[in-house]
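Participant: Sharing a structure, written as structure tokens. Questions coming.
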Amino acid sequence: MGIRFILMVNKQGQTRLAQYYEYLTLEERRALEGEIVRKCLARNEQQCSFVEHRNYKIVYRRYASLFFLVGVDNEENELAILEFIHLLVETMDRHFGNVCELDIMFHLEKAHFMLEEMVMNGCIVETSKSNILAPIQLMDKSS
Amino acid sequence: MAGSSLMDTLFQRTLEDLIKGLRLHLIGESAFISKAMEDIRKEIKSTDPHTKSTALQKLSYLSSLYFYDMSWAAFHVVELMSSTRFAHKRIAYQAASLSFDENTPVLVLITNQLRKDLISTNELEVSLALECLSRIATVDLARDLTPEIFTLLSSGKVFVRKKAVGVVLRVFEKYPDAVKVCFKRLVENLEGSDQQVVSVAVGVFCELALKNPRSYLPLAPEFYRILVESRNNWILIKVLKIFAKLALLEPRLANKVVEPICDHMKRTDAKSLVFECIRTVVTSLTDYESAVKLAAVRIREMLMDDDPNLKYLALQALSTVAPNHVWVVVENKEIVIKSLSDEDPNIKLESLRLVMMMVSQSNIVEISRVLLNYALKSDPFFCNEILGSILSTCCRNVYEIIVDFDWYVSLLGEMSRIPHCQKGDEIEKQLIDIGMRVEDVRLELVRVARDLLIDPALLGNSFLYRTLSAAAWVSGAYVEFSKNPFELMEALLQPRTYLLPPLIRAVYLQSAFKVLVYSLHSYLLQRGITERDFAEGSDYAQHDASASLNQEEGFNPRVLNQSFDDLSVEHGEEISAGHGQASAFDSLGTNSFSDESIMNMINLIELAVGPLSGSLDVEVQERARNIRSFIELIKQEMVDCLAQKEESLDRNKTEVSKIIKLMHDAFSSELGPVSVTAQERVPIPDGLLLKENLEDLETICPDVQLPLLNSFSFGSPQSEETNGDSLPDLQNKVESEPSKESTSLLAQHRKRHGLYYLPSEKKEISNDYPPANDLKSENDRNNDAENLVKLTEQSLVPKKKPSNAKTRPVVVKLDEGDQVSIAAKAQPKDDLLSGAVREVLLGNDTNDSLSQSKPSDRSSARRKGKEKLNLDSPSESKENLDDVKKHDDEIPSSRKNKHRKHGKERRHKTSGNVLDEGGENSQKGKEKTGHRHGKHKARQRADVPLNVVSQTPVIPDFLL
């Protein structure tokens, strides 16, 4: 289990997307998200993108108003996770065209779908943008 | 009903409406959501799948982002899963992955639905089911659906196959028997040519190998091929992670992969890959100097980079490499130290950690100086991090790295004066602890304590209270080292002490009491001398001698053993010199007691303590009353005595001095840490017939020994030496003689009944520095652990060098019991640190049954997989052929004959033979490792010291 969870949070601290790869109760999630968001949002641009929290490492990156936070276990390669976040943003960019917070809010399902294509069981399984988007395009066509 | 559902559909709010509404109702959000939840509860019961799915979609949204419970809707989720429309099915599956857990009761209902979707012709449906399964699979689901997953593992569609590979991880975890069925196909996918699938398969193996690396050693050739051939960084990172684990288990494998890893490190521009290579080298390939050198170069590049991310990771890599190759850290010392003032607290912490790793006996003074300067400049949080790490580093293993305790004690004093310091508790603990353990330092300790007490400004800082409490205690307990008890008394009773919390005030009062008693006692002794001087009119030489003798008794009544001489001589000289100068010195008041000064002191106490006897706090009140009663008891006599001088002297001696002497004796008994061997010093009472009662216990419970070995006495500090006489030589006698007597008695007893004794090795060297010994005995006991640490070459215990400790010159009074406990505590933690060891020792919760069922079944599965590879791709590992041949010769031919694949060998006359050999090798390895594993477990159980066999196992090279 490399990736434990993926969060997208705006700079007001509101969660816009939450995907967990291990089961946590709602209360645990609420507490965890609160703590992490407080920790990460307080940091500035000159500081590094890694924060240790409980037994997780949080790798995060900010794009405009949105923070992408990925909780990983200790074995995971932080730089690879940063690349993964970037890949995720690029993929969404390609799909939505200049992706912004609103796109993710109103098309949360699609964002989840992309994530499902990219990550399975906490492992990164797909890293090609066109492969990730192919099934979504297929679905769009059929519906 | 139809009508209502139509109405619902028409007027139902969609998810989009909900989101818009949420955006509008930022203030009354929760009311808005409650309303929405009400609607959802109604809508979700609808028979119209569209209404239902929209309701579920909204519910999932609220649950995932606003933490609303949706477990009540589980049945609706199941209903909707069977919808024929993909859009509905998708919503249901998503809701299921979001909200189902192991205990969701309706899980048993979805098996058939999942099966149906898994064998669907629509690959999107199959993918949905697989995705969902990877999140929610339970033991039952995994077991029931294994056949379908097995089929999908060789699906023609890459899109489906890669997901099937991905789901295997969860299935194995839940239902280990699935390994029997699916492992072969999983390996095939690893060997396949499709990069997408290989990527997933490598990911799965990476996760599996992290949990239990040993089982995957036989697959090393496959991983090696990928390591050399793949140019996909994602895949390479995963493979490197696998090798980081495997190389620790098999040195020859490490030898093999070192070169390709270095190649990657040189070749690639991708920072993530470089970092993974570095990490692999510093964790698993530390024996390969060239690789470490190369890694050091890349680490340095990262450190120099402006990107804080790279800097942070480089620092982390440094702390990994530090235990084995300190030179890498030393090379970058400047950058590390500079990073202490970095903008990023994480980087600062990391560099602090690193700096503390470089600490040793020789540089602790210098490093602490630098760190303290940083602490002064830092923000409160980091300041305390620095202080905390200095404190914890210095007190490790009973102040192992401290040579100069005078320095350390004054450092403690300095620390507590740092404005942000919040480590009062720890400083308190250490001040008192050092006071009890290290006799030589008491003079300095009292000086430091005095400086703290005397500063009224410090009383305003509540974080300092604990430190002040320790200072007060120290100056009370070791008042004989004080240069000026009057000053001390003033400090202890200064008005601002009302700021202190009652408990600490109580400590202050008690210390004041001790100072008072000490002063009176010394005063009387001094008077005695003076009287004698006057009476005898003796010459100065004699006077000096007797004075110094008496002062020794008076001023150093608690000094018990060897260090007594130095101190008392020094101290005595000072005093007698002072005395020689007679009255001039008296007026200065330094440690001489004039009648006037004593009366002043008594008056001061009455003045300051008086009001406290009405204090609300019982502790303060009681102690204040104690002091007052004592003063009342002696005051009149003292006044008389002062008035009448010589005449009343005799009476004084009989009454006042009796009381004072009594009190003084009461306070003189030494408080100290309790030694583990303290029990042996207790003489056996007459008439106690231990042996007769306990003799046959040995036969009744022979296995008691182990718990006994580990149980140490943690008694609270109590008087170690029973007799508190103020005459030092008498005390020495008291200390040594009975103990010798009893030890000889005990030694005999021990011989016969060793079973009932605490470990005795330390007894002979009770004043030597024992951690070295303790560590060794610890190690003996934990031999497997040590052995494994060596095996994995991951000893993350850089500071524990027993030899180091033994040569330390400072005489430290130690409590062996404590030390053992410290060592014992440290040991398991260090074991935890070496990840590989943990894996092997504890197994892992998920794979327990997995690994049990694996060896036989899986090896057969794997064997087949291997054969297939050899048939399919004979050219794939050609680059290995040369090495293969070399090793081929080493393999006994009898093994070849055992092999079943003769036909195939013949078919590949040129290369196939060799490749088959490779396959066979891995099987052999498999069997060997399985065997070894078993042995290892048995060893643990039996607690056999050191298994040499396991260190030099005969394992065929897996890469050949």
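Every read-out reported here was derived from the displayed coordinates using simple, explicitly stated rules and does not represent laboratory data. All values derive from a computational prediction rather than experimental measurement. Note that each Cβ is placed from the backbone with ideal geometry, even for glycine, and that neighbours are counted across all protein chains shown.
Participant: Which distance in Å, rounded to a whole number, links the C-alpha centroids of segment B:391-436 and segment B:266-282?
Facilitator: Here the answer is 41 Å between Cα centres.
Participant: Let me ask something else about it. Per-residue HN-Hα couplings for segment B:44-59, Karplus 6.51 cos²θ - 1.76 cosθ + 1.60 at θ = phi - 60°, whole Hz, x for Gly and Pro?
Facilitator: 5, 7, 4, 7, 7, x, 5, 4, 4, 5, 5, 4, 5, 4, 5, 4
Participant: What does the charge dipole of segment A:3-138 about its Cα centre add up to, to the nearest 20 debye, if the Cβ of each Lys and Arg holds +1 and the Cβ of each Asp and Glu holds -1?
Facilitator: 440 debye
Participant: I would also like to ask the following. Compute the separation of the alpha-carbon centres of segment B:459-474 and segment A:46-90 and state it in Å as a whole number.
Facilitator: So the separation of the two Cα centres works out to 44 Å.
Participant: B:P147: net charge of surrounding residues, Cβ under 13 Å, Lys/Arg +1, Asp/Glu -1, itself excluded?
Facilitator: Within the 13 Å Cβ shell, the charges total +1.
Participant: With each label point set 7 Å from Cα along the Cα-Cβ vector, what nm distance links B:E596 and A:S142?
Facilitator: 10.6 nm
Participant: Moving on. Taking only C-alpha pairs under 8 Å that are 6+ residues apart, what is the relative contact order of segment A:1-62 in percent?
Facilitator: Relative CO of segment A:1-62 lands at 21 percent.
Participant: So for the pair A:T25, B:N603, with labels modelled 7 Å out along Cα→Cβ, what separation do we get in nm?
Facilitator: Between A:T25 and B:N603, the label points sit 7.0 nm apart.
Participant: Now for a separate question. I want the local charge near B:L604. Using Cβ-Cβ distances under 14 Å, sum +1 for each Lys or Arg and -1 for each Asp or Glu among the other residues.
Facilitator: With Lys, Arg at +1 and Asp, Glu at -1, the neighbours total -2.
Participant: Between B:S341 and B:E301, 0.36 nm times their residue separation minus their Cα-Cα distance comes to what?
Facilitator: My answer for the length gained is 12.4 nm.
Participant: Sort the following peptides by mean Cβ neighbour count (other Cβ atoms within 10 Å, averaged over residues), highest first: B:290-302, B:436-448, A:17-29.
Facilitator: Going by the mean number of other Cβ atoms within 10 Å, highest first, we get B:436-448, B:290-302, A:17-29.
Participant: Nearest 20 debye, what's the magnitude of the dipole of segment A:73-143 about its Cα centre given +1 on Lys and Arg Cβ and -1 on Asp and Glu Cβ?
Facilitator: Here the size comes out at about 440 debye.
Participant: So how far apart, in nm, are the two label points at A:N98 and B:Q679 if each is 7 Å from Cα heading toward Cβ?
Facilitator: 8.0 nm
Participant: At q = 0.15, 0.16, 0.19, 0.20 Å⁻¹, what base-10 log of I(q)/I(0) does the Debye formula yield for chain A when every alpha carbon is treated as an equal point scatterer in vacuo?
Facilitator: Values returned for q = 0.15, 0.16, 0.19, 0.20 Å⁻¹ are -0.73, -0.83, -1.19, -1.32.
Participant: Can you list which of the trypsin sites (Lys or Arg not before Pro) found in segment A:54-116 are DSSP loop residues with at most 16 other C-beta atoms within 10 Å?
Facilitator: A:R54
Participant: Can you give the mean number of other chain Cβ atoms that lie within 10 Å of the Cβ atoms in peptide B:165-172?
Facilitator: Averaged over the peptide's residues, the number is 3.
Participant: What average number of partner chain Cβ atoms lie no more than 10 Å from the Cβ of the residues making up A:105-116?
Facilitator: Mean shielding by partner chains, rounded to a whole number: 4.
Participant: Same structure again: Once you wrap a convex hull around the alpha carbon atoms of segment B:1-153, what is its projected area averaged over all directions, in nm²?
Facilitator: Projected over every direction and averaged, the Cα hull of segment B:1-153 covers 9.5 nm².
Participant: A further question follows. Find how much the distance from B:I119 to B:F75 grows on full extension, using 0.36 nm per residue of separation minus their present alpha carbon separation; answer in nm with one decimal. Display every interim value, and only then the final one.
Facilitator: Numbers: separation 44, 0.36 × 44 = 15.84 nm, distance 2.31 nm.
In short, 13.5 nm is gained.
Participant: What's the ranking of B:38-51, B:17-30 by average number of surrounding C-beta atoms within 10 Å, highest first? Walk me through the intermediate numbers first.
Facilitator: On the way: B:38-51: 17.4, B:17-30: 13.6.
The packing order, highest mean first, is B:38-51, B:17-30.
Participant: Given R₀ = 45 Å, FRET efficiency for B:E622-B:L376 by Cβ-Cβ distance, to 0.05?
Facilitator: It comes out at approximately 0.65.
Participant: Let me ask you something else. For peptide A:12-25, what's the mean number of Cβ atoms from other chains within 10 Å of each residue's Cβ?
Facilitator: Whole-number average of other-chain Cβ neighbours for A:12-25 is 3.
Participant: Please give me the summed charge of the neighbours of A:M8: other residues whose Cβ is under 10 Å from its Cβ, Lys and Arg +1, Asp and Glu -1.
Facilitator: Summing Lys/Arg as +1 and Asp/Glu as -1 gives 0.
Participant: Round to the nearest 0.05 the FRET efficiency obtained for A:K11 and B:W327 when R0 = 35 Å and r is the Cβ-Cβ distance.
Facilitator: 0.20
Participant: Relative to the present Cα-Cα distance, how much length would full extension add between B:T84 and B:V365 at 0.36 nm per residue of separation? Don't skip to the answer; put the middle values down first.
Facilitator: Details: separation 281, 0.36 × 281 = 101.16 nm, distance 7.54 nm.
Fully extending the segment from B:T84 to B:V365 adds 93.6 nm.
Participant: Using a 10 Å cut-off on Cβ atoms, rank the peptides B:491-501, B:128-138 from the highest mean neighbour count down.
Facilitator: Packing proxy ranking, top to bottom: B:128-138, B:491-501.
Participant: Let me ask something else. Given a cut-off of 31 Å, name the pairs among A:K11/A:K57; B:K180/B:K271; A:K110/B:K162 whose C-alpha atoms lie farther apart than that in the structure shown.
Facilitator: On the way: A:K11/A:K57 20 Å; B:K180/B:K271 39 Å; A:K110/B:K162 20 Å.
Result: B:K180/B:K271 exceed 31 Å.
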